[in-house]
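Asks: Would you mind keeping the following structure in view while I ask a few things?
Each reported figure results from applying straightforward, stated rules to the coordinates on display, with no laboratory input. Small disclaimer: the values here were computed from a predicted structure and weren't measured. With ideal geometry, Cβ positions are generated from the backbone for all residues, glycine too; neighbour counts draw on all protein chains shown.
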Amino acid sequence: IILQGHSLGTVKVIHYLFQGEYKEKINKLILLAPFESGLPDNLSKSTQESWKKYTKMFEFSNSNCDLSILKQIKIPTKIIVGDKDECFYPTNPKDFQKIMDLLLSHIPNSQGVFIPDALHSYHPNEDLMSQEVVKFINNR
């Protein structure tokens, strides 16, 4: 199984990686455009509680940011971010590399790439993002 999540979905796939029914069958992880934010208000209280420890890993400007869970990821992981992503690190958009390096240093066996001129949705370079995903999946 290869898990891929985009935006808030990156939190969901990491949650599933550790809590999911088939967690032992997951062999690769793709994080597309993780974002610096908390959980949306419209999630149920039980979902918010369940996910709380996972969302802290992407709150880069918060002193409570907890990257320790990322160190527990043992499978090959690819992080793909648009270099114009308005959600990746909005508190300091000129320093994306700093946050990418932070993520990569906390996830063993990880690699990261920036898609040039791409927004949070990867527009206008969705094809470049897709090529990176396929390359990672095919690399055994």
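Asks: How much of the calculated P(r) for the range 80-140 lies past 16 Å, in percent of all Cα pairs?
Replies: Values: 856 of 1830 pairs.
The calculated P(r) of the range 80-140 puts 47 percent of pairs beyond 16 Å.
Asks: Oh, and also: Under the rule of at least 5 residues apart or a separate chain, name every residue whose amide H is placed under 5 Å from the amide H of N125.
Replies: Result for N125 returns L119.
Asks: Could you list which residues have their amide H under 5 Å from that of Q4, counting only those 5 or more apart in sequence or on another chain, with H placed in the peptide plane?
Replies: Placed amide hydrogens put I30 under 5 Å from Q4.
Asks: Next question. Going by average Cβ neighbours within 10 Å, how do the peptides 81-87, 22-28, 120-126 rank, with the highest at the top?
Replies: In descending order of packing, they fall as 81-87, 120-126, 22-28.
Asks: Now for a separate question. Which cross-chain or sequence-distant (5 or more) residues have an amide H under 5 Å from the amide H of E86, H modelled 1.01 Å from N in plane?
Replies: Counting only residues 5 or more places away or on other chains, the set is H120.
Asks: Beyond a 26 Å Cα-Cα separation, which of these cross-linked pairs lie in this structure: K28/K71; K25/K135; K12/K135; K45/K94; K45/K74?
Replies: Flagged as over cut-off: K45/K94; K45/K74.
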